Amino acid sequence: MLAAGLGLVAACLVVGKETMVFLAGSEFTIAGEVLKIVAIATGLIFFGNLIGYFILAFGKQRQMIKYYAVAAVASLIGYFIFIPQYSYWAAAWVTVAIEGFMMLAALWILRAQVLPSLRRWPNIILAAMGLGAFLWLVPTWPFLLKVFSGVIIYPALLYIFKALPRNIWQVFKAQSSV
């Protein structure tokens with residue numbers, strides 16, 4: 001989940017504008033900047049959901065209720081205060097803040113039981129940075145060529161940096177031979 005989330009964030013941070021222009025036309029260029037912010041929230045959601053599975057596995061979901069309540073109230077307050085002045089920018093950043101809060105709350109609850117292994121995180125971050133750097137270095141390439149290249153390069157970087165367990169790659173090999 002972390003690998004998918006960070007890859008998505010890295011790609012959107014670099015080609016967010018192009019993505020919106022491709023999907024909706026040039027009048028939505030500014031939405032590409034907002035997409036970059038929302039991509040950060042999406043990355044936090046990916047990681048938060050992964051941690052959420054641990055919360056369920058350890059039966060700690062009841063402890064999360066107070067954090068969900070705080071997040072609901074804080075997000076409503078944030079939206080009501082900031083959206084009138086800052087519009088969709090505020091909505092995007094408040095979402096990032098709330099998703100970050102929820103992820104940290106879940107990590108806090110799990111701290112005594114188990115924390116997800118940190119061993120592969122630097123490798124995943126390096127692979128995501130490599131994807132972002134690649135996309136940043138080819139600004140003149142057509143959008144779809146960037147997308148297809150990214151789809152090939154990111155898994156290759158994950159493999160090169162040993163960011164995922166080797167048995168995952170065996171699954172892909174088995175699927176392709178069927």
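Listing for the model above:
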item: Residue check, Ile77 touching a Leu at 6+ places or on another chain (Cβ under 7 Å) and not acidic (Asp, Glu); result: no
item: Count of residues meeting criterion [out of contact with any Gly (no Cβ under 7 Å at 6 or more places or on another chain), buried (at least 19 other Cβ atoms within 10 Å of the Cβ) and of a type in the set (Val, Ile, Thr)] in region 1-33; result: 1
item: Tabulated pairs, region 136-149, first touching a residue at least 12 places away in the same chain (Cβ under 8 Å) and under 15 Å from Phe22 (Cβ atoms), second acidic (Asp, Glu) and in a helix (DSSP H, G or I), C-beta under 9 angstrom, 6+ apart or interchain; result: Phe143/Glu18; Lys146/Glu18
item: Complete set of residues in region 1-55 that are touching a residue at least 12 places away in the same chain (Cβ under 8 Å) and out of contact with any helix residue (DSSP H, G or I) (no Cβ under 7 Å at 6 or more places or on another chain); result: Asn49
item: Test: residue in region 123-134 that is closer than 22 Å to Glu18 by Cβ, modelled with pLDDT of 95 or more and touching a Ser or Thr at 6+ places or on another chain (Cβ under 9 Å); result: yes
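The values are calculated or read from the model by the stated rules, or taken from the named source; none is laboratory data. Just so it is clear, the structure is predicted and the values come from calculations on it, not from any experiment. In this analysis, Cβ positions are derived from the backbone assuming ideal geometry, glycine residues included, and neighbour counts consider all displayed protein chains.
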